[in-house]
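S.K.: This is the structure I want to talk about, given as structure tokens.
The values are calculated or read from the model by the stated rules, or taken from the named source; none is laboratory data. Remember, it's a predicted structure, so these values are computed and weren't measured experimentally. Note that we place each Cβ from the backbone using ideal geometry, even for glycine, and neighbour counts take in every protein chain shown. Side chains are part of the model used for accessible areas, which takes the heavy atoms of the whole protein and leaves out ligands, DNA and RNA. Shrake-Rupley method; radii C 1.70, N 1.55, O 1.52, S 1.80 Å.
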Amino acid sequence: MQRKQGVSAMRSAVRNMDILTEKKQLRTALRRQRREIPDDIRKELDEGIFRNVTASPYFRDAETLLLYVSCGGEADTIRIIEQALRLGKHVALPKCQKMGEMQFFLIQSMEELEPGAYGILEPTGTRMPQITADTVCFVPGVAFTKTGKRLGQGGGYYDRFLEKFPMLQTIGICCSTMLLEELPCEVHDRCVDAVITEETIYSHP
């Protein structure tokens with residue numbers, strides 16, 4: 001019995017290793033592809049994403065938004081953050097902490113940010129948002145599928161955070177070229193509730 005369990009665990013470890021390798025290779029290829037998008041096309045894509053995000057009920061109806069500062073060729077979130085602040089919404093941004101944990105802190109302006117872990121802008125304040133079932137969390141990703149599968153950045157910060165708040169509405173944003181038919185997934189990977197591109201909104205239960 002113990003031998004069978006040992007073999008099963010070994011096979012599971014090999015499968016996970018294969019998935020991790022596939023994810024790593026896919027991230028590298030997609031990040032390169034994303035960086036090579038010409039500036040004029042990127043501007044058009046970001047404009048379309050901004051328009052669809054801010055017109056969506058996820059953004060429009062939310063009082064509290066958990067957003068993030070885009071970097072490395074990600075779809076622009078700065079305009080989305082600024083628009084949310086102009087509309088008087090509660091806006092919180094993530095800050096990476098010890099032991100791979102992440103917490104969100106409220107901001108009232110973009111001036112309340114400074115470079116933090118990995119050189120990404122993080123909030124300097126200490127006020128935390130009240131997280132409820134009506135809170136909307138925008139989740140970064142290298143790529144998504146129409147059904148909400150997500151290829152994350154590899155650190156696992158959002159997977160651990162969302163595990164604590166399963167009631168959160170989660171949204172992914174990306175340009176349509178980063179929307180794939182399928183993505184490798186592990187058991188702990190959580191799908192987002194909707195994906196917004198410059199073309200349309202893909203939502204599902």
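S.K.: Out of all the residues in region 143-156, which are touching a strand residue (DSSP E or B) at 6+ places or on another chain (Cβ under 8 Å) and surrounded by 19 or more Cβ atoms within 10 Å (Cβ to Cβ)?
M.R.: 143, 144, 145, 148, 150, 151 - these are the residues of region 143-156 that are touching a strand residue (DSSP E or B) at 6+ places or on another chain (Cβ under 8 Å) and surrounded by 19 or more Cβ atoms within 10 Å (Cβ to Cβ).
S.K.: Can you tell me which residues in region 64-81 are in contact with a Ser or Thr (Cβ under 8 Å, 6 or more places away or on another chain) and open to solvent by 30 Å² or more (accessible area, probe 1.4 Å)?
M.R.: Let us first name the residues in region 64-81 that are in contact with a Ser or Thr (Cβ under 8 Å, 6 or more places away or on another chain), namely 64-70, 76-78, 80.
Within region 64-81, 76, 78 qualify.
S.K.: Using the structure shown, decide if residue 131 is more than 30 Å from residue 21 (Cβ to Cβ) and crowded, with 16+ Cβ neighbours inside 10 Å. Please lay out each step first, then the result.
M.R.: Values: more than 30 Å from residue 21 (Cβ to Cβ): yes; crowded, with 16+ Cβ neighbours inside 10 Å: yes.
Yes, satisfied.
S.K.: Anything in region 161-189 that is in contact (Cβ under 8 Å) with a residue 40 or more places away in the chain, open to solvent by 60 Å² or more (accessible area, probe 1.4 Å) and closer than 22 Å to residue 129 by Cα? List them, or say none.
M.R.: Result: 169, single match.
S.K.: Looking at residue 114, is it among the acidic types (Asp, Glu) and more than 27 Å from residue 61 (Cβ to Cβ)? Give the derivation first.
M.R.: On the way: among the acidic types (Asp, Glu): yes; more than 27 Å from residue 61 (Cβ to Cβ): yes.
The answer is yes for residue 114.
S.K.: Now for a separate question. Hey, can you tell me all the residues within region 190-201 that are more than 21 Å from residue 132 (Cβ to Cβ), open to solvent by less than 10 Å² (accessible area, probe 1.4 Å) and not in a loop (DSSP other than H, G, I, E, B)?
M.R.: Residues satisfying the conditions are 195, 196.
S.K.: Here is a follow-up. Output the number of the condition that residue 59 fails; it satisfies all remaining conditions of (1) within 16 Å of the chain's Cα centre (by Cα); (2) farther than 28 Å from residue 177 by Cα.
M.R.: That leaves (2) as the condition not met.
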